Amino acid sequence: MTIALPAVPAPRSREPNLLLDFSRQQPLGAVSFVIICAMMFAGVFSNLVAPYDPLTIDFASILGAPSWEHWCGTDAYGRDICSRLIFGSRTALVIGFTSSFVGSTLGAVLGVASAYFGGKIDDWIQRFVDILLAFPLIVLALVVVAALRKFVVGGVDVNLIFAIAIPIIPRVARVVRAAALSVRVMPYVDAARAAGYTDTRIIFRHMAPNVVAPYLIMLTAFIAQAILAEASLSFLGLGVAEPTAAWGLMLSGNAADFYREAPWMILFPGAAISLAVFAFNLFGDSLRDYLDPRFRM
Amino acid sequence: MKITRRTALQGTAGALALGVSGFDFDFTKAEAQAPAVKRGGNLTFAISAEAPHYDPHASDTYATLHLAAPFYSTLLRYNLSKFPGVEGDIAQSWQVAPDQLSYTFKLHPNVKFADGSTLTSADVKATYDRLRNPPEGVVSTRRATFADIGAIETPDANTIVFKMKAANSSMLDHFASPWNTIYSAKDLAENPANPRTKINGTGPFTFVEHVKGSHVSGKKNENYFKKGLPYLDGFKGIFTLQAAAMLNALQGGQVLAEFRGVSPAERDRMVAAMGDKLRVEESSWTLNLIVAFNVEKKPFDDVRVRKALLMAIDRWGGSQGLSRISTLRSVGGAVRPGSPLATPESELVKLPGFSKDIKKSREEAKKLLKEAGQENLKFTLWNRNLAMPYTPAGIFLVDQWRQIGVTVENKQSDTAPYLAALRSGNYEVAVDFSNLFNDDPTLALTKFLSHEKNPLNLSRANDAEIDKLYDMQLRERDVEKRKAHIRALEKRLFEQAYQQPLFWWHRIVLTHKTVMGWKMSPSHNLGAQLEGVWLNT
């Protein structure tokens, strides 16, 4: 008698080229990755890529429709919208990535520490996280940015980054804590504790590396949220200031006055924000599917 | 015959000298003649900035007046139907001595403060003493305009006499200034700084509440000394710092007016949305933006740097573009362009910063910066967080200065911190404003007096020659000679480049057609008392 065994998928061999492997398994993720790379390229090399200076006013070209000279048209000051979009990607990436990185990292540290220490420390941290989670991200960011004054370093408002990072912290802390709780009961953590290692060493050396996957997923997902928050805050007049090229800012101010006669003033920045948020969200989802073993079956 | 401010004032003074004085105007009769005035109702209107405090004596932002003016009276005020003619407010009548060395005012009897006390000449004296000689810790931004007052006498409770040290052709304008609100002597004796935080006036409305970031409200003053006024039961001024929010509120009827002004684009948008429900009124504006350099900060203590920065600005090209998208419109000197004593364009273009050959002007500016060793100059431009027209002005200036290699960060702050930074000298370069209420050159030029004489000169420059020229134009009775002094002052001011008008504004006010009795004028500081406003609902 032969026993028919269910077909078990062969163990996935780790190919040396992670990118190809990722692209094959997550084609949508790969497309979003290309969009993100294009955005990063535009942001880093804005000076080379942009056809015009984004700050140069040209009153002769006020509210110009899209043309060969100005692919995305011009705004109320005759500034080239395409160039402002390209430079705006730098603003979006710098603020989006930095705030997501700061928020996710602090959240991860808080989550791992909360899980590791447990007891009253865990209770206190989690109740604090509960309080912060009660506020929607944009509302909390609004409160923080209104409370803090602008503190510009190297052309970047550091307080704006913190304003967006703070609401991210509890969200990441909660997810990472869940992952860290399962790591805490692992024998090697007990072994490290028995060996007399310090708490800091155990948290950073032994637990943190094992929650990298949820951390990375949250990081990428929150870049999209941070870009959206930055655009929203700029739209509300609390983010970056004119004449800096920023997508949210491009939707506010004169755009509200002229969008009927010059719809391209809102169409292209809106599309840029949507595309960036869509790409980062999709990439975050694909990364989760790729890294989480439960989704590999 | 052309009626100028001066001839109107002379006529008024002459009429008064002939004994046509002491009229007690019955506003109920006026109401009877006017068609269908309706009493009652609450006016809700938008105020686009939050006032830093309640004291108009210490303020030059309309936000203070739009909040506080309904609660206060002034000695005289402008008659907006005959602007720039003046009429009495708490002054029932007045006489000007032929040599202009004394001004005698008879006050309305039985004028009550909101706290129930009766106004007397002692209150007016205390107010004007505070204005011309503020005690320690009190700011009087128009102190310089009262420097010619030698003494104030109060022969009886309803008479006040201003004795002048020298004749001043602008005094009636100063007495009619909306900023010189009358306070209670008792309040000032208690604490001279009281008006900053406490409202106790004799105006058509009494204070109800001020919720920061939300609104200010007032109710009808039942003891108002002008019979039959105000028509409204009360008002609510809602702070709408975002233009979009204000326009949406106007369109939705949450507010019925905004009395400062909107841009041409905003006007067009609202007309398209509201059609004949909306009333649009337009006027030139006695208001300009100024580029001010803090001469106490390096490198702006160097006239070459200041001059270079002014010469890089293409005002003529900018006015054409900016007038399409903002309230900024006219190019002019220190006196409003188009007004009788303004510098004509043909002379203006010869002054630094006003050249029509912008290419040549910028080349010269670059040379000046090189000579001063500031080819890679970087600084922060302090600007006000009011979309219209401060944001367009900031965007424009950043662009203009980049064209001579200067890097500028446009820092926009809310009104209170913005004013605090400018007043304390904690800035390098700023977009300042000159908020006038008439075309009197003395009023306009006061802004440029030495800082030690006038704290409103935010460049903090002290220049004896400017002060001398200011005095000369003030005393001069001959119009042509006065013009010459004004031109000389402007030349000195712009050669030294302490500060310079950027653009003069164009005022467009939108109100629902249900709002009646409000009068348009070239100044958004006028007409804020709201006593004649009524709702046709």
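Observations on the structure shown:
- Number of the condition not met by A:ILE164 [criteria: (1) of a type in the set (A, V, I, L, M); (2) crowded, with 22+ Cβ neighbours inside 10 Å; (3) out of contact with any Asp or Glu (no Cβ under 7 Å at 6 or more places or on another chain)]: (3)
- Sole residue being in contact (Cβ under 8 Å) with a residue 12 or more places away in the chain, within 14 Å of another protein chain (Cβ to nearest Cβ) and either within 28 Å of the chain's Cα centre (by Cα) or surrounded by fewer than 23 Cβ atoms within 10 Å (Cβ to Cβ) (or both), chosen from B:ASP302, B:ASP314: B:ASP314
- Of the residues making up the range B:370-400, just one is more than 9 Å from chain A (Cβ to nearest Cβ), closer than 19 Å to B:LYS297 by Cα and buried (at least 24 other Cβ atoms within 10 Å of the Cβ), namely B:TRP382.
- Number of residues in the range B:75-87 that are crowded, with 24+ Cβ neighbours inside 10 Å and over 18 Å from B:ASN168 (Cα atoms): the value is 1.
- If the condition is being touching a strand residue (DSSP E or B) at 6+ places or on another chain (Cβ under 9 Å), more than 14 Å from chain A (Cβ to nearest Cβ) and surrounded by fewer than 23 Cβ atoms within 10 Å (Cβ to Cβ), then the range B:261-277 contributes B:MET274, B:LYS277.
- Helices (runs of 4 or more DSSP H) contained in the range B:282-349 and holding at least 3 residues polar (S, T, N, Q): B:315-325
- Residue count for the range B:401-440, restricted to those that are within 14 Å of chain A (Cβ to nearest Cβ) and aliphatic (A, V, I, L, M): 7
- Selection within the range A:211-240: residues that are in contact (Cβ under 8 Å) with a residue 24 or more places away in the chain and within 11 Å of chain B (Cβ to nearest Cβ). The member of this set that is surrounded by the most Cβ atoms within 10 Å (Cβ to Cβ) is A:VAL240.
- Residue among B:ALA272, B:ALA185 that is without any contact (Cβ under 8 Å) to a residue 40 or more places away in the chain and over 24 Å from the mean Cα position of the chain (by Cα): B:ALA272
- One residue stands out in the range A:65-99 among those that are of a type in the set (Phe, Trp, Tyr) and farther than 22 Å from A:ASN159 by Cβ: the one that is farthest from the other protein chains (Cβ to nearest Cβ), namely A:TRP68.
- For A:PRO11, the conditions (1) modelled with pLDDT under 95; (2) surrounded by 17 or more Cβ atoms within 10 Å (Cβ to Cβ); (3) at negative phi all hold with the exception of (2).
- Screening A:ALA246 against (1) under 30 Å from A:ALA30 (Cβ atoms); (2) over 20 Å from the mean Cα position of the chain (by Cα) leaves a single unmet condition, (2).
- Screening B:HIS174 against (1) closer than 25 Å to B:TYR62 by Cα; (2) surrounded by fewer than 21 Cβ atoms within 10 Å (Cβ to Cβ) leaves a single unmet condition, (2).
- Residues in the range A:47-68 that are among the polar types (S, T, N, Q) and either more than 19 Å from B:GLY405 (Cβ to Cβ) or in a helix (DSSP H, G or I) (or both): A:ASN47, A:SER61, A:SER67.
- Across the range B:121-130, a minimum of one residue is classified as part of a helix (DSSP H, G or I), buried (at least 19 other Cβ atoms within 10 Å of the Cβ) and touching a His at 6+ places or on another chain (Cβ under 7 Å).
- Qualifying residues in the range B:250-260 (those that are away from chain A (no Cβ under 14 Å) and over 17 Å from B:TYR390 (Cβ atoms)) - the one surrounded by the most Cβ atoms within 10 Å (Cβ to Cβ): B:PHE259
- If you go through the range B:450-462 and pick out every residue that is surrounded by fewer than 23 Cβ atoms within 10 Å (Cβ to Cβ) and either over 25 Å from B:TYR418 (Cβ atoms) or of a type in the set (A, V, I, L, M, F, W, C) (or both), you end up with 1.
- Positions within the range B:74-110 being part of a strand (DSSP E or B) and of a type in the set (A, V, I, L, M, F, W, C), in sequence order: B:LEU76, B:VAL86, B:ALA91, B:TRP94, B:VAL96, B:PHE105, B:LEU107
- Residue in the range A:243-253 that is at pLDDT 85 or above, away from every other protein chain (no Cβ under 14 Å), closer than 20 Å to A:GLY64 by Cα and out of contact with any Cys (no Cβ under 7 Å at 6 or more places or on another chain) present: yes
The values are calculated or read from the model by the stated rules, or taken from the named source; none is laboratory data. Source: prediction; values computed, not measured. Don't worry about glycine lacking a Cβ; one is built from the backbone with ideal geometry, like all the others, and counts go over all protein chains shown.
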